[in-house]
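Novice: Let me give you the structure first, and then I'll get to my questions.
Every number in this text was worked out from the coordinates using simple rules, so none of it is lab data. None of the values given here were measured: they were computed from a predicted structure. Cβ placement follows ideal geometry from the backbone for every residue including glycine, while neighbour counts extend to all protein chains displayed.
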Amino acid sequence: MTLASPVNKEEIYPWVVDILNEMFELDKAKITPEANLYTDLDIDSIDAVDLAVKLKQLTGKRLQPEVFKSVRTVQDVVDALDELLAQ
């Protein structure tokens, strides 16, 4: 994957959509901010760990376990990344 890391919150959402599409072959139309990763997008716990690892590889920063556990929707991922990248 050759996606450049986003620099602001407006860039994070389409970046996350591209990552989810590429990693899990999800239809981009199904990936909405309100979409629940587990119930709507059928991402399981192993996929979620893979996503966290991929985000760390792409950003160079690691989501804290307590933040990672609280992520449920695509918007949660965007918000967590926004906070992480602001640090």
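Novice: Here is a check on your reading of the model: is Val16 in contact (Cβ under 8 Å) with a residue 60 or more places away in the chain, under 10 Å from the mean Cα position of the chain (by Cα) and either within 16 Å of Gln87 (Cβ to Cβ) or surrounded by 15 or more Cβ atoms within 10 Å (Cβ to Cβ) (or both)?
Specialist: Yes: the conditions hold for Val16.
Novice: When both residues are 6+ apart or on different chains and their Cβ atoms are under 8 Å apart, which pairs have a first residue that lies in segment 53-75 and is under 15 Å from Asn36 (Cβ atoms), and a second that is surrounded by 13 or more Cβ atoms within 10 Å (Cβ to Cβ) and β-branched (Val, Ile, Thr)?
Specialist: Val71/Val77; Val74/Val16; Val74/Val17; Val74/Ile31; Val74/Thr32
Novice: Determine whether Lys69 is among the charged types (D, E, K, R), loosely packed, with under 13 Cβ neighbours inside 10 Å and under 22 Å from Glu10 (Cα atoms).
Specialist: no
Novice: Taking the condition of being surrounded by 14 or more Cβ atoms within 10 Å (Cβ to Cβ) and more than 11 Å from the chain's Cα centre (by Cα), how many residues in segment 19-29 meet it?
Specialist: Counting residues in segment 19-29 that are surrounded by 14 or more Cβ atoms within 10 Å (Cβ to Cβ) and more than 11 Å from the chain's Cα centre (by Cα) gives 2.
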